[in-house]
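Written out below as structure tokens is the structure these notes cover.
The values are calculated or read from the model by the stated rules, or taken from the named source; none is laboratory data. Everything quoted here is computed from the prediction, not taken from an experiment. In this analysis, Cβ positions are derived from the backbone assuming ideal geometry, glycine residues included, and neighbour counts consider all displayed protein chains. Just the protein is used for accessible areas: all its heavy atoms, side chains included, with ligands, DNA and RNA removed. Shrake-Rupley method; radii C 1.70, N 1.55, O 1.52, S 1.80 Å.
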Amino acid sequence: MNTVVLGAVAYDPKVVTIWAGFRSWLRRQGLPFDFVLYAHYERQTEDLVHGRIDVAWHSPLAWLRSGRLAREARVHVRPLVMRDTDRDLTSVVVVRAEGPATVTDLKGRAIAVGAVDSPQATLLPLHHLRELGLAAGTDFEVRRHDTGVGLHGDHIGGEREAARALMAGEVAAACMIDANHLLFGQEGTFPAGATRLLSRTAPFDHCLLVAGPSLDPELGEELTSLLLSMSAANPEVRHLMELEGLTRWLPGRESGYADLTAAVEEAGFYDTDGRITAAGYRP
């Protein structure tokens, strides 16, 4: 029987613990499964489309690029599952308590964002501001914080640096995913009462487990079924699920990426064939 080989990006040491644990559990359920680690999403995405791995734990940006590369290669990629915590997320534009009163007040000011390739802290908030009438680089200055480039925003450092720039008075606003805004309040990066939300993006979806053209359909169905059956009540996998940030797996869906698709187009991040065209982006 063929072995299902998954690719995952090693954005943090815990990735090894998570997928080694999932590997052991899946193999105990009878699924031949293994994984390989990548330094960044661009290589993982290319390898998925070219059949070097069978499935990939993808960022939202990697999912979009996979589709473009697959169309160019005339192969098919599809979502299998996602975490319950990957659905209907939002990013926020944060200002100091005494800062700008409206989005319009950001005109002519500097705004801090995360890394160039972060969907939640750069691409989606800049798209959101454009929809509200402010174009990056024209109506306001963008201050990027390029920590962990190639990790598609999985590294929290860029968002934390943007938050610190806001508190230091270096920028008028900072962009981040809502969960990190809450975290920064809890850890003290944002002192209590020091900031407020100026605007919030529309909901979007985040990570996906994506099947590539080399995945055996029967094994793909088995992998999907096993993950959907995984329960946080099971002590074998509870800690792994906590590390991966979910309480249950849900079927993957394609409906939560329209705004990111628009943001990628606006930024010229990838061309229609999936080639990297973002200025200065080299993971």
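Could you check Ala115 against (1) crowded, with 21+ Cβ neighbours inside 10 Å; (2) part of a loop (DSSP other than H, G, I, E, B); (3) touching a strand residue (DSSP E or B) at 6+ places or on another chain (Cβ under 9 Å) and say which number it fails?
Ala115 satisfies every listed condition except (3).
For the stretch 204-231, enumerate the residues that are open to solvent by less than 20 Å² (accessible area, probe 1.4 Å), outside any loop (DSSP other than H, G, I, E, B), within 28 Å of Pro119 (Cβ to Cβ) and of a type in the set (A, V, I, L, M, F, W, C).
Phe204, Leu208, Leu209, Val210, Ala211, Leu223, Leu227
Please go through the stretch 137-155 and pick out each residue that is at positive phi, touching a Leu at 6+ places or on another chain (Cβ under 9 Å) and either modelled with pLDDT under 95 or not in a loop (DSSP other than H, G, I, E, B) (or both).
Gly153, the sole residue that qualifies.
Being part of a helix (DSSP H, G or I) and in contact with a strand residue (DSSP E or B) (Cβ under 6 Å, 6 or more places away or on another chain) is the filter here; which residues of the stretch 102-112 pass it?
Val103, Leu106, listed by residue number.
Among (1) free of Cβ contacts under 8 Å to residues at least 60 places away in the same chain; (2) open to solvent by 30 Å² or more (accessible area, probe 1.4 Å); (3) in contact with an Asp or Glu (Cβ under 6 Å, 6 or more places away or on another chain); (4) under 23 Å from Asp205 (Cβ atoms), which single condition is Lys107 missing?
(4)
Of the residues Thr201, Thr189, only one is among the hydroxyl-bearing types (Ser, Thr, Tyr) and under 18 Å from the mean Cα position of the chain (by Cα); which?
Numbers: Thr189 fails: under 18 Å from the mean Cα position of the chain (by Cα).
Checking each option against the conditions leaves just Thr201.
Among the numbered conditions (1) open to solvent by 50 Å² or more (accessible area, probe 1.4 Å); (2) outside any loop (DSSP other than H, G, I, E, B); (3) farther than 18 Å from Glu170 by Cβ, tell me where Leu123 comes up short.
(1)
Can you pull out the residues in the stretch 234-265 that are part of a loop (DSSP other than H, G, I, E, B), open to solvent by 80 Å² or more (accessible area, probe 1.4 Å) and free of Cβ contacts under 8 Å to residues at least 60 places away in the same chain? Even if it seems obvious, please write down each step before you answer.
Let us first name the residues in the stretch 234-265 that are part of a loop (DSSP other than H, G, I, E, B), namely 234-237, 245-248, 252-257.
Narrowing further to those that are open to solvent by 80 Å² or more (accessible area, probe 1.4 Å): 235-236, 247-248, 254-255.
Result: Pro235, Ser255.
Of everything in the stretch 158-177 that's under 14 Å from Ala121 (Cα atoms), among the charged types (D, E, K, R) and touching a residue at least 40 places away in the same chain (Cβ under 8 Å), which residue is least open to solvent (accessible area, probe 1.4 Å)?
Glu159
Among the numbered criteria (1) open to solvent by less than 10 Å² (accessible area, probe 1.4 Å); (2) closer than 24 Å to Glu266 by Cβ; (3) not in a helix (DSSP H, G or I), which one does Leu129 miss?
Condition (3) is where Leu129 drops out.
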